[in-house]
Each structure stands twice: as structure tokens, then as C-alpha cells.
1. Checking a compactness column here: for the chain, what do you get for Rg(Cα) / (2.2 N^0.38 Å), N being the number of residues?
2. If you take the charge dipole of the chain about its Cα centre, with +1 on Lys and Arg Cβ and -1 on Asp and Glu Cβ, which of LEU41, LEU71, CYS96 is farthest toward its positive end?
3. Could you tell me the distance between the Cα centroids of region 46-74 and region 75-99, to the nearest Å?
4. Quick one: if you stick a label point 7 Å off each Cα along the C-beta vector at LEU52 and LEU28, how many nm between them?
5. On the accessible surface of the chain, probed at 1.4 Å, how many percent belong to carbon and sulfur atoms?
6. With charges set only on the Cβ (+1 for Lys and Arg, -1 for Asp and Glu), what does the dipole of region 1-47 come to about its Cα centre, in debye to the nearest 20?
7. Among all stretches of the chain without exposed chymotrypsin sites (Phe, Trp or Tyr not before Pro) (DSSP loop, at most 16 other Cβ atoms within 10 Å), which one is longest?
8. What residues from region 42-72 fall in the zone where the backbone N is under 18 Å from a label point 7 Å along the Cα-to-C-beta line of TRP36?
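The values are calculated or read from the model by the stated rules, or taken from the named source; none is laboratory data. This structure is a prediction, so every number in the text was calculated from the model and none was measured. Cβ coordinates were reconstructed from backbone atoms using ideal geometry, including for glycine residues, and neighbour counts include every protein chain displayed. All accessible areas refer to the heavy atoms of the entire protein, side chains included, with ligands and DNA or RNA removed. Shrake-Rupley method; radii C 1.70, N 1.55, O 1.52, S 1.80 Å.
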Amino acid sequence: NVPEEQADKLLLASWGLPKAVLKKYHSLGVVQMFEWQAECLMLGQVLEGKNLVYSAPTSAGKTLVAELLILKRVLETRKKALLILPFVSVAKEKKCYLQ
């Protein structure tokens, strides 16, 4: 569980994302994440580029964790990222969404 003193980590605005990115998430109704998502982002050195393996049911929010990790790394390192998605429809949706 996320410790009470880190409860603000559930808010997307706490992760240093640009205002344009936050605005897009907010327009889709995503203002905060689930505890397990924040826990994933706070594990070890995940934010410094270390690996993360996690599992959750379909539609549980796994993609948000991946998106936040990718966005933070791309913005901080100015390097490109490769996001592999399982279906063409999901890939098209994310392409439009991430542009």
C-alpha cells in the first residue's frame, strides 16, 4: 500500500508531467491512479530506467503505468521509446492519444 505520507503520489499532477499531458489525461477523466499503479512507479529504481514486471486483469490500468514510465523517461532523457501493443486497434488509439 502507498504510505499515507505519500498519498499525493496517487495524483497524476504529482509526477512532474507537463501541463499539456495532464490536461489530456484530465479530459479523459484520469486525475489519479490506483494505489497499485503508484506502488509500481515507486518500486526500486523503476523511475531511473530499471525493469518492472507487473500483472493485472484486463482493463485494470496496466497501460497507464507503462505510459507514465515512458513519458517520464522520454521527457527526462530526451531519448526515444518503443511501446509495443498487442492489437492494431489499441496501437491506433494510443498513436492518436500520445500525439
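1. Against the empirical 2.2 N^0.38 Å value, I get 1.06 for the chain.
2. Selected residue: CYS96.
3. 12 Å
4. 1.6 nm
5. Carbon with sulfur: 57 percent of the solvent-accessible area.
6. 400 debye
7. The answer is 1-33.
8. Of the residues in region 42-72, 42-44, 52-69 have backbone N under 18 Å from the label point off TRP36.
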